[in-house]
Every structure is written in structure tokens, then in C-alpha cells.
Amino acid sequence: MTTIWGLRNPPEADCNDTKLYVFSSMLKRISLYVMSAFYMFAGVNHFRNPEFYAGLIPPYLPNPDLINTASGVAEILLGALLLFSKTRKIAAVGIIAMLIAFVPAHVYHIQTGGCPTEELCAPLWATWVRLLVLQPLLIVWAWWNRK
């Protein structure tokens, strides 16, 4: 089987099918690298700017410092595991679980009118968009990158 740019061609494909396959494979690879970098950067940011994340953690949850540290470690680890085909599916499922676990923080942000702290204010509509649009899109993105 021949390859183009290190990607396998679909068997018995005409030229247009091959171009589409190559394009979609490259798009998927770029998406995977962007997602991996996104989560690793966010994870590192938990340690560089912990007070930002502390304001997002609802006060009814115990030990916000531990939650922040665990979230940062999970994001770094899952972002790195996305890069390897053998661990990609478990990383994607872990990211989805993590995004679902973050829902209480998004709800808390809405309950505070978009201002859980004075330093961390967003328009209320933006907090709703983050919960109802961005969060599901991130989940779909992780699911798409599982293979």
C-alpha cells in the first residue's frame, strides 16, 4: 500500500478520494496536536495561576487546593496520553469524564451571576454559552480524537 506524507491511502481509491483521505487525516492529526497542547497548557496553568482556578471551585467542595492540583495533573497527563495511539482512547474518555466533572464549577459560575470572585467576572450570557455550547463542543472534540 502506498503512502502520502506518511499516511496510508485507502485501498482502490481514485485521485479525489485519496486527496480527501489525505486532507481529513492531516486535519485529524492537527486537531489531535492542538487538543493535546490545549490540555497540557491548561494543566500547567493550574500551577502557574492557582488563584484563578481556586475562584472557579464551588465553596461546597472540600480542599480546593487538592482539586486544583488534581485537575492540573489530570489535564497534563491526559493531554500527553492523547499523543500515543495506544493510550489515545483512554485519554479521550478521561478528558470527557473530566469535562463532565467540571460542570458543577460552570453551574456555580452561573449561580454567582458570572462573578464567583471580584477578579473573575464574565457576562452571565458567556457563562451560559460556556456551559451549554463550549462544554459539549469540547466533549465532541475529545470523542472525535479518540481514534
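Tabulated results
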read-out	value
For the chain, built as a Gaussian network whose Cα springs stay under 10 Å, the top-fluctuating residue of Leu124, Leu56, Leu82	Leu124
Dipole magnitude (debye, nearest 20) for the chain, charges at Cβ of Lys, Arg, Asp, Glu	580 debye
Whole-percent carbon and sulfur share, accessible surface of the chain, 1.4 Å	70 percent
Gyration tensor verdict on region 72-122 (Cα atoms; rounded if a/c is under 1.5, prolate if a/b is larger than b/c, oblate otherwise)	prolate
Cleavage-rule hits (trypsin sites (Lys or Arg not before Pro)) in region 14-120: DSSP loop, at most 12 neighbouring Cβ within 10 angstrom	Lys86
Angstrom value of the Kirkwood radius, inverse mean 1/r, which spans all Cα pairs in the chain	17.1 Å
Whole-number accessible area per residue in Å² for the chain, which is evaluated in the context of all protein chains at 1.4 Å	64 Å²
Dipole axis of the chain (+1 Lys, Arg; -1 Asp, Glu on Cβ), positive-most option in Leu77, Pro59, Met26	Met26
C-alpha long axis of helix 64-81 to longest principal axis of the chain, angle in °	0 degrees
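The values are calculated or read from the model by the stated rules, or taken from the named source; none is laboratory data. Only a predicted model underlies this, so the values are computations on that prediction, with no experimental measurement involved. In this analysis, Cβ positions are derived from the backbone assuming ideal geometry, glycine residues included, and neighbour counts consider all displayed protein chains. In case anyone asks, the SASA skips ligands and DNA or RNA and just uses the protein heavy atoms, side chains included. Shrake-Rupley method; radii C 1.70, N 1.55, O 1.52, S 1.80 Å.
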